[in-house]
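The values are calculated or read from the model by the stated rules, or taken from the named source; none is laboratory data. A quick note: this is a predicted structure, and the numbers were derived from the prediction, not measured. With ideal geometry, Cβ positions are generated from the backbone for all residues, glycine too; neighbour counts draw on all protein chains shown.
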Amino acid sequence: MTLVQLRHLIALAETGSFSRSADMMFLTQPALSRSIKALEDELGQPLFDRVGRRSELTPFGREVLHRARQLVFDADELAASGHQMREGRAGTVRIGLGSGPGAMLMTPLLKLMATRHPTMHVDLARGHTDVLVQALRERRLDALVIDSRSLAPAVDLQVVTLAEMRGSFLVRPGHPLTRHRGVLHFDTLRQYPIASTPLSDEVARTLVERYGPSAHPAECVTLRCEEVASLVDVARETDTVLLAIRGAAPDLVELVLKPALNAQARFGLVTLAGRAEAPALPIVRRLMEALMHD
């Protein structure tokens, strides 16, 4: 049996007339008769007694009608829920955020969901890339927003790069380095604490290529933390030099080194390959595109 047949049954039970029911369902009367007959054949008993021009439910038909109404109601509710989820009006979205994306997206995303999608359930997780990837693989997260360069290639992960942002050395306004005369070299930065989130191997290679072995993060980074927001606060209040994406701290001053750093973070949306995405994920994608740029 099909939902269409059950809808035909309900319509005929309500009108008692094949002709009126056929008009309501935009069918011909023979087509409606065939549908009801096929349902009766499948169920093995008649659903209607033909009393003159009127069709009345049999006792068995009344039982089937009760169940049919519940099934059609549940199907309609399911379809409506899917529509609401696509529009961000229902359901749950679970997102893992890397340190850089977390600094830029977490508060705006929470505000957006609270104001425009208040009935949507939102779960945000922060942590190291490996931890977030494991949670994604275990279906505890629907998607990740991370620097895709920190992600090892894997056939079960689908990565869509949505933003590239420039990495910089940043300090507070009034920092001694902002008054430095002449060419600013990396060795001069090392007179001060250097802070960063855990960096990818690609960024480490870039630092070593630009400034030599002493610029490897294992050597030069003295303050390391998963939460870039905390590091930004430290840089605002001390002489710490922060290595981060420029957009994570627009109020800090960017240092111009020679040679230039020329490092880019590639932020991507990571999902499980072959798995249907969470209906509300387009909301996150649009917010990334709106916010994550230099």
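Can you tell me which of 57, 39, 47 is aliphatic (A, V, I, L, M), in contact with an Asp or Glu (Cβ under 7 Å, 6 or more places away or on another chain) and assigned by TED's automatic domain parsing to the domain that holds residue 75?
47
Can you name every residue in the stretch 245-294 that is out of contact with any helix residue (DSSP H, G or I) (no Cβ under 7 Å at 6 or more places or on another chain) and among the acidic types (Asp, Glu)?
The answer is 251, 277, 289.
Specify the residue that is surrounded by the most Cβ atoms within 10 Å (Cβ to Cβ); the eligible residues are those in the stretch 138-154 that are at pLDDT below 90 and not in a loop (DSSP other than H, G, I, E, B).
Among residues in the stretch 138-154 that are at pLDDT below 90 and not in a loop (DSSP other than H, G, I, E, B), the one surrounded by the most Cβ atoms within 10 Å (Cβ to Cβ) is 147.
For the stretch 14-59, what are the residues that are charged (D, E, K, R) and in contact (Cβ under 8 Å) with a residue 24 or more places away in the chain?
Across the stretch 14-59, the qualifying residues are 42, 53, 54, 56.
Say whether the condition of being in a helix (DSSP H, G or I), modelled with pLDDT under 90 and loosely packed, with under 13 Cβ neighbours inside 10 Å is met by at least one residue in the stretch 116-129.
yes
Tally time: how many residues in the stretch 172-199 are in contact (Cβ under 8 Å) with a residue 60 or more places away in the chain, within 20 Å of residue 219 (Cβ to Cβ) and not hydroxyl-bearing (Ser, Thr, Tyr)?
6
Restricting attention to the stretch 140-155, does a residue exist that is assigned by TED's automatic domain parsing to the domain that holds residue 277, out of contact with any Lys or Arg (no Cβ under 8 Å at 6 or more places or on another chain), among the basic types (Lys, Arg) and within 19 Å of residue 93 (Cα to Cα)?
No: the stretch 140-155 contains no residue that is assigned by TED's automatic domain parsing to the domain that holds residue 277, out of contact with any Lys or Arg (no Cβ under 8 Å at 6 or more places or on another chain), among the basic types (Lys, Arg) and within 19 Å of residue 93 (Cα to Cα).
Among the residues of the stretch 1-60, which ones are among the polar types (S, T, N, Q) and farther than 20 Å from residue 73 by Cβ?
Those that are among the polar types (S, T, N, Q) and farther than 20 Å from residue 73 by Cβ: 17, 19, 28, 29, 33, 45, 55, 58.
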